[in-house]
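Novice: This is the structure I want to talk about, given as structure tokens.
The values are calculated or read from the model by the stated rules, or taken from the named source; none is laboratory data. Predicted model, so just to flag it, every value in this text is computed and none were measured. Neighbour counts run over all protein chains shown; Cβ positions are idealised from the backbone, glycine included.
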Amino acid sequence: METEDIKFMRRCLELASRAEGLTYPNPMVGSVIVYDGMILGEGYHLRSGESHAEVIAINSVTDKKKLRFSTLYVNLEPCSHFGKTPPCADFINSNAIPRIVIGTIDSSEKVSGKGVKKLRDAGCDVKTGILDEECRRLNRRFFTFHEKRRPYITLKWAQSADGYLDIIRTEDHKTGPTWITGKPERVLVHKWRAAEQAILVGAGTVRADDPMLNVREWTGPNPLKLILSSSGSFNKGAAVIGTDSKLVVFTHNTEKDIPDTVKVILKHNVPSAVQISGYLHSSGIQSLLIEGGAEIINHFVSTGLWDEARIFTGADYFRGGVKAPLINGTLFSKTNFSGSSLEIYLKNGS
């Protein structure tokens, strides 16, 4: 049977996930306060600069006297430092909550066990590691950024039943996407875009599909748009240029003038994937969604710079065209749609 600690930690995760894509650079955190087996208060962090989950949960409790006999649940170690808000560990201690149950430790340099120490030094009974794997999964972008010093990298593509990304292009079908999936899958992709901080495609994808790379089928922020173009050339009237949010072009061409963009010059002797990852980390970007094409995806795979792959497989056979990438990962989940299936793989060892 599921223990109370696990049950209430699941509620923390449910609350925290409501703010996916909104909390950067902070992690997603939910908190629940339980008295005599019943939830007294709860809350979740919505965006940077606003109150943290533990503070919202404590402030939501009407009868503060019960806090002295309650348990506070939180999916991530409470902060112990002054940032845009005061330390949550201090606020918990000031309310004399005797028992704290934490999903996983915050491994970022500013916290990294210091919150747990503050709580224990104040006499709290602190329990850690409840649904640790699920808690780390929820904040995988945050942990990857701080532990590996790069963004969490998700690959996404759709392939035909026989493993092709695209048909052989003809004069009749020169520009515009070759749709493999249906409307529900496209809505899901836009939800994914809203959850990630940056999105990357190659100039070939811009020329072939003319994507906008923004969020239209979902409500949420647009990701930072990135284009990798060795020559720095792509359509001047490309749809991606006319959309909101900044556009960054990575190129080897020092001479190319690219209006209305941020141009990042790449070195020839360092893999582009390494340089892009380094640029994003230095810019505080915690997550990257790569939507194609095959050359870029294969490049990131070959350099080992990926964490997750989301692959739609349609029902139609192309019998030729652009071959889909091959990856070596562990199947995490599979979902069936009316006209396709979605498989999510995690990189082995990530």
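Novice: Starting from the stretch 91-110, take each residue that is farther than 12 Å from S80 by Cα and in the same structural domain as L72 (by TED's automatic domain parsing) and list its partners that are crowded, with 18+ Cβ neighbours inside 10 Å and of a type in the set (S, T, Y), counting only C-beta distances under 7 angstrom and pairs at least six apart or across chains.
Specialist: What qualifies is I97/S70; R99/T71; V101/T71; V101/Y73.
Novice: Do we have any residue at all in the stretch 277-294 that's in contact (Cβ under 8 Å) with a residue 60 or more places away in the chain, assigned to a loop (DSSP other than H, G, I, E, B) and touching a helix residue (DSSP H, G or I) at 6+ places or on another chain (Cβ under 7 Å)?
Specialist: At the first step, the residues of the stretch 277-294 found to be in contact (Cβ under 8 Å) with a residue 60 or more places away in the chain are 277-278, 280-281, 284-294.
Now narrow it down to the ones that are assigned to a loop (DSSP other than H, G, I, E, B): 284-286, 293.
Retained after the next criterion (residues that are touching a helix residue (DSSP H, G or I) at 6+ places or on another chain (Cβ under 7 Å)): 286, 293.
Yes: the stretch 277-294 contains one or more residues that are in contact (Cβ under 8 Å) with a residue 60 or more places away in the chain, assigned to a loop (DSSP other than H, G, I, E, B) and touching a helix residue (DSSP H, G or I) at 6+ places or on another chain (Cβ under 7 Å).
Novice: Now for a different question. Looking at the stretch 265-293, which of its residues are surrounded by fewer than 21 Cβ atoms within 10 Å (Cβ to Cβ), within 23 Å of the chain's Cα centre (by Cα) and among the hydrophobic types (A, V, I, L, M, F, W, C)?
Specialist: Scanning the stretch 265-293 gives a single hit, V274.
Novice: Being assigned to a loop (DSSP other than H, G, I, E, B) and either closer than 15 Å to P151 by Cβ or polar (S, T, N, Q) (or both) is the filter here, so list the residues in the stretch 184-228 that pass it.
Specialist: Going through the stretch 184-228, the residues assigned to a loop (DSSP other than H, G, I, E, B) turn out to be 196-197, 210-223.
Passing the criteria: E196, Q197, N214, T219, N222, P223.
Novice: Here's a follow-up. Kindly indicate whether S338 is at pLDDT below 95, assigned to a loop (DSSP other than H, G, I, E, B), closer than 21 Å to H190 by Cβ and not aromatic (F, W, Y). Spell out how you get there, then give the answer.
Specialist: On the way: at pLDDT below 95: yes; assigned to a loop (DSSP other than H, G, I, E, B): yes; closer than 21 Å to H190 by Cβ: yes; not aromatic (F, W, Y): yes.
It is true that S338 is at pLDDT below 95, assigned to a loop (DSSP other than H, G, I, E, B), closer than 21 Å to H190 by Cβ and not aromatic (F, W, Y).
Novice: What is the number of the single condition among (1) surrounded by fewer than 16 Cβ atoms within 10 Å (Cβ to Cβ); (2) touching a residue at least 24 places away in the same chain (Cβ under 8 Å) that A53 does not meet?
Specialist: Only one criterion is unmet by A53, namely (1).
Novice: Which of the residues spanning the stretch 282-332 are at pLDDT below 95 and touching a Pro at 6+ places or on another chain (Cβ under 7 Å)?
Specialist: A294
Novice: Return the residue satisfying two criteria in turn: it lies in the stretch 295-313 and is in a helix (DSSP H, G or I) and not charged (D, E, K, R), and of such residues it is farthest from W179 (Cα to Cα). Quick ask: steps written out before the conclusion?
Specialist: Taking the stretch 295-313 as the starting set, the residues that turn out to be in a helix (DSSP H, G or I) are 295-302.
This time we only want the ones that are not charged (D, E, K, R), so: 296-302.
Numbers: I296: 20, I297: 19, N298: 21, H299: 24, F300: 24, V301: 24, S302: 27 Å.
Ranking the qualifying residues of the stretch 295-313, first place goes to S302.
Novice: Could I ask something else about it? Look at G21 and say whether it is part of a strand (DSSP E or B) and under 23 Å from E134 (Cα atoms). Spell out the reasoning first.
Specialist: Numbers: part of a strand (DSSP E or B): no; under 23 Å from E134 (Cα atoms): yes.
No.
Novice: Continuing with the same structure: If you take the residues in the stretch 294-330 that are within 28 Å of P27 (Cα to Cα) and aliphatic (A, V, I, L, M), which one is surrounded by the most Cβ atoms within 10 Å (Cβ to Cβ)?
Specialist: For the stretch 294-330, the residue satisfying everything is I297.
Novice: Please specify each residue of the stretch 20-39 satisfying the condition of being touching a strand residue (DSSP E or B) at 6+ places or on another chain (Cβ under 6 Å) and either under 25 Å from P151 (Cβ atoms) or modelled with pLDDT under 95 (or both).
Specialist: Once the filter is applied, which keeps residues that are touching a strand residue (DSSP E or B) at 6+ places or on another chain (Cβ under 6 Å) and either under 25 Å from P151 (Cβ atoms) or modelled with pLDDT under 95 (or both), the stretch 20-39 yields P27, V29, G30.
Novice: Here's something else I'd like to know. Quick check on my filter: what residues within the stretch 1-18 are outside any loop (DSSP other than H, G, I, E, B) and farther than 30 Å from V215 by Cα?
Specialist: Initially, the stretch 1-18 is screened for residues outside any loop (DSSP other than H, G, I, E, B), giving 4-17.
If the condition is that a residue be outside any loop (DSSP other than H, G, I, E, B) and farther than 30 Å from V215 by Cα, then E4, D5, I6, K7, F8, M9 are the ones that fit.
Novice: Continuing with this model, one more query. Being surrounded by 22 or more Cβ atoms within 10 Å (Cβ to Cβ), without any contact (Cβ under 8 Å) to a residue 60 or more places away in the chain and more than 16 Å from Q197 (Cα to Cα) narrows it down to one residue among G30, G37; which is it? If you could, list the steps in order and put the result at the bottom.
Specialist: Numbers: G37 fails: surrounded by 22 or more Cβ atoms within 10 Å (Cβ to Cβ).
Only one candidate passes the filter, namely G30.
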